Amino acid sequence: MGTRTDSRVARSLARAEKSNVLIGAALHAADRLRQGKTATDLEQMALSVMRAALSDQEIRDWGRVYRESVDELGSLAVVPEVITSRPGTNGFSFDDLKADFAPVAAEHMARPNTMLVDREAVAAGRSIDTPEFIAGMREWGFGVTVFDGPPAAAEQAAQGAGESDGQEPAASSFDVKLLLESFYVQRAVGDQGGGRDEIYWCSSSASDQQAGPAFMSEEFGAVKKGDTRHFSTSNRTVFDGKSSKGVLLNILCWEADQSSSAWYDDLRKALNDLSRTIFNKWHWQLATGILPGTDIAGYMGELVGFGVFLMDHLRNKDDLSCERAIYVDQYDLAMLSYRETIDWNFDGDGHHILKARYSGDPAPFPTGTLEYAVHDGLRWGTPISLRWESMAAPSLVSYKGALHVVYVRPGDKAVMWARRENGRWTRPVRLNGWVSNLPLGLSVFRDKLYCTVIHTTDETPHWASYDGTRWTSIAQLRGGGPTRRTAALGANSDRMMMSVVDHQSGNVRDFPDTGSGWGNALAFPQQSPSPATMARVGNTLYKAIRTANNKVSLTRWSDNTPAGPVWTRMDNTPEWGITCGPTLAEHVGWLTATTPWIFLRATDGTLQASHYKPVTFEWHPAHHVGSGGSTNPIKPMDEVAAARHDGKLYVMYRR
C-alpha cells in the first residue's frame, strides 16, 4: 500500500499530499533504471544516494514494486500524485521539481515540525525551539529549522512604495568550525519501556563551498534521564571548512541497543554519500534561492524526508530517536560568534538537548553593512546583522505597529526603506526614486511619518510624509540653506522640529512646525560638526548635539519660560568624550518609568549608552551596548539610529 505501519516516521510521511517529491523521484528513477532509461539530473542524484546502501539490482526491484503498486492502486500514500501520474517513459528533472515546488514548500511550512526562528530570540539568548515545534518533532520523528532573517535586498517584490531593487553585498569566504559540546537527557528512550540507553550522534553537513565530514560520535552508555554527557574533545567537530553563505547540518540522535557493526559501516557510507551528492554546491544554490517563491525550509524538509525514508528501510531496528536539519547562514554564524553556544532540542523516542559551539572565524561583512542590537528592558541581546549595505548611517522610527528603517544604498545613492512588522523584516524597496549622499531624518507627528532628505545637487533639506498608505510628493524646506549633515527630526504632541546644521557656519538651526507648515529658524545658536538628534520622552522633546570640543550638549524644549517656548540646557551633563554625533531615544531606565537614553561612540570607537535618572537628576554611568560588553564591543562607523518599538529598544548602525 506504499506505507509501513511499524514506524512512526513512515506513518508521518504517509500523511503528505504534495510533499515527498524526492522520495517519489527516487522510486521513479529506480523504475526507469529497471527499464534502461537515461536518468535525468535529479534522478542521477537520487540514484547515487540509494547506491550508498543498495545494489543496482535491489534498486531495480524497488522500481519494479513501485510501478506494480501504481498500476494496481493508481495512487500511493507516501508518493505524491505529481510523481505517480508520470509514466515511466518520462523522466523527472530539477526543472520539474522547481515548476511544482510551491505547494510542496507550503505543505512543509504548515507542519508543526518545520520552524522559522526569529533571530531576535537567538540574540536575546532565549530558546529557539517553541513547545509547538518540539511536540511536532516528537510527532513526526524529525524537524527542520531555518533562521528567519531579513530577506535579501535583491529579491524582487512590491512593498507599498515601489519595486525592490536593492543589492545584496558580495559575501567573503571565511573559516567555519562547529563543535558538539554536550547533550542533556530530558527524557530517556528507555523511559518508554525500561532499560538503559546507548546513545550516539551522527551528522552530515555542507557549506556553499564544500561538503563536511560524515560525523559519528562515540557511544554513550547507560544514559538516563537528567544526565549531561560531554563529547570527546578529539571527536566532536561536525563541520570545519570554508563558507561564504552558511552551513547546512543534518543531525541524527540514535539509540544503539540493537545496532550492529555492519550497520555502523553502512551508516557512515550513506552519510558520506549524502554529503557528496545532496549537499554539493549546485544543490546548495538550488536550495538557497533558485526556486522561485519558496523557502529553503521546504527543500530541507524534502531532503530530510528522503533521508529518513531510506534510513527507515535500511536500519535493523526502530532505533532512530530523532533527526533534525538546521540551516545557519552567514548572519546566524555572526550571532553565534558572539553567543558561542546554542541549544537544539531532539524530541523523538527520547528527548535530548544538544549544545553546539561555534569556534570559527567571525563571519565577515562588507563595510557599511547594517546591524542592530535589542534591549528588552533588562539586558542587551547579541548583535543581529542584516543583509543590507548602506553608504550612510541608518534612521529608525516606530510607526503604526512597525519599525521603519531608511538608508542610502551605495553606488546609485538610492534611498531604501524597509519595515519590521509581525516579527519579520520586509524586503527593502526604493523610496519614490529619492537619492541622497547623507542619512535621512525620521519622526512621527500627528499620526504621520515624516522623512527628510538632503538633495544631492543643491544640498538643501527636502521632506515628505507618509500616512500609512502613500507618501506625499517631496518638498523643499525654505530657508534651510545648504547642509552636509542630516536634517534631523523630532516631535511631541504640539510641534515638530527639523534641526539643520548650516554648511558654512556649522550653526544648528531649528525649524518648528505646529501643524500649519515650517516656520522660521529659532534663535538658540549652537555649533556642531555632526548632525543633531532629538527624541520625545513622555511629551517632552529632548535634543543633543556634539560640540566643537567633542563633548555633548543636552537641551529640552520648554513651553513655560519668561521668554516663551525655548530650548533650555540640562544641568549635570557628563563630560562624555565622543567621536561622532550622539543619538537620543526613549526607553525604560528606572523601575518601569521611561526616560531619555543617549548613545555615544566613545573615544575608543566603542558604542556606549547611558540613561537619565529623573529621581536623582543625573545620568547613569555609560555602559557598552550589546551582549559582548567591553570584551567584544560594538564599533559603529558613524552615528547610530535608535527607536523604542513593541516595548524594546532597537539600536541600528553601520558595522
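Of all residues in segment 469-526, those being open to solvent by less than 50 Å² (accessible area, probe 1.4 Å) and either β-branched (V, I, T) or on the phi > 0 side of the Ramachandran plot (or both) number 8.
Each residue in segment 1-30 was checked for being more than 15 Å from G63 (Cα to Cα), at pLDDT 80 or above and in a helix (DSSP H, G or I), and 3 pass. Take segment 474-504 and flag every residue that is out of contact with any strand residue (DSSP E or B) (no Cβ under 6 Å at 6 or more places or on another chain) and either among the β-branched types (V, I, T) or farther than 18 Å from L438 by Cβ (or both). If the condition is that a residue be out of contact with any strand residue (DSSP E or B) (no Cβ under 6 Å at 6 or more places or on another chain) and either among the β-branched types (V, I, T) or farther than 18 Å from L438 by Cβ (or both), then R478, G479, S493, D494 are the ones that fit.
Annotation: of all residues in segment 43-79 being of a type in the set (G, A, S) and under 19 Å from V21 (Cα atoms), the one that is surrounded by the fewest Cβ atoms within 10 Å (Cβ to Cβ) is G74.
Evaluate the following for T457: is it out of contact with any Asp or Glu (no Cβ under 8 Å at 6 or more places or on another chain) and exposed (fewer than 15 other Cβ atoms within 10 Å of the Cβ)? For T457, the condition - out of contact with any Asp or Glu (no Cβ under 8 Å at 6 or more places or on another chain) and exposed (fewer than 15 other Cβ atoms within 10 Å of the Cβ) - is met. State the number of residues belonging to segment 410-421 that are of a type outside the set (D, E) and assigned to a loop (DSSP other than H, G, I, E, B). Selection size over segment 410-421: 3.
Among the residues of segment 111-126, how many are free of Cβ contacts under 8 Å to residues at least 12 places away in the same chain and either assigned to a helix (DSSP H, G or I) or of a type in the set (S, T, N, Q) (or both)?
Residues in segment 111-126 being free of Cβ contacts under 8 Å to residues at least 12 places away in the same chain and either assigned to a helix (DSSP H, G or I) or of a type in the set (S, T, N, Q) (or both): 1 in total.
Quick check, is D175 under 22 Å from Y358 (Cβ atoms), at pLDDT 90 or above and part of a loop (DSSP other than H, G, I, E, B)?
Here the answer is no, as D175 does not meet what is asked.
Scoring Y407 on the criteria (1) surrounded by fewer than 23 Cβ atoms within 10 Å (Cβ to Cβ); (2) in a strand (DSSP E or B); (3) among the aromatic types (F, W, Y) leaves a single failure, condition (1). A single entry from E17, E58 fulfils the requirement of being in contact (Cβ under 8 Å) with a residue 60 or more places away in the chain and acidic (D, E): E17. All but one of (1) in a helix (DSSP H, G or I); (2) under 41 Å from the mean Cα position of the chain (by Cα); (3) within 20 Å of D312 (Cβ to Cβ) hold for D61; state the number of the condition that does not hold. So D61 meets the others, but not (2). Among the residues of segment 575-608, those identified as of a type in the set (A, V, I, L, M) and without any contact (Cβ under 8 Å) to a residue 24 or more places away in the chain are L591, A593. If you filter segment 303-343 down to residues that are part of a loop (DSSP other than H, G, I, E, B) and touching a strand residue (DSSP E or B) at 6+ places or on another chain (Cβ under 8 Å), you find that the one that is surrounded by the most Cβ atoms within 10 Å (Cβ to Cβ) is D319. In the set V65, V82, V70, V78, only one residue is of a type in the set (V, I, T) and without any contact (Cβ under 8 Å) to a residue 12 or more places away in the chain; that residue is V65.
Looking for something hydrophobic (A, V, I, L, M, F, W, C), more than 23 Å from R420 (Cβ to Cβ) and open to solvent by 30 Å² or more (accessible area, probe 1.4 Å) - is there at least one such residue anywhere in segment 607-620?
The first filter runs over segment 607-620 and keeps only residues hydrophobic (A, V, I, L, M, F, W, C), leaving 607, 609, 615, 617, 619.
Those left that are additionally more than 23 Å from R420 (Cβ to Cβ): 615, 617, 619.
Narrowing the set further to residues that are open to solvent by 30 Å² or more (accessible area, probe 1.4 Å) leaves 615, 617.
Yes: one or more hits.
Of the residues making up segment 349-375, those that are in contact with a helix residue (DSSP H, G or I) (Cβ under 6 Å, 6 or more places away or on another chain) and open to solvent by less than 10 Å² (accessible area, probe 1.4 Å) are G350, A363. Considering only residues in segment 187-239 that are without any contact (Cβ under 8 Å) to a residue 40 or more places away in the chain and charged (D, E, K, R), the one that is most open to solvent (accessible area, probe 1.4 Å) turns out to be R196.
The values are calculated or read from the model by the stated rules, or taken from the named source; none is laboratory data. Everything quoted here is computed from the prediction, not taken from an experiment. We place every Cβ from the backbone using ideal geometry, glycine too, and count neighbours over all the protein chains shown. Each accessible area value is taken on the protein alone, full model and side chains, heavy atoms only, with ligands, DNA and RNA left out. Shrake-Rupley method; radii C 1.70, N 1.55, O 1.52, S 1.80 Å.
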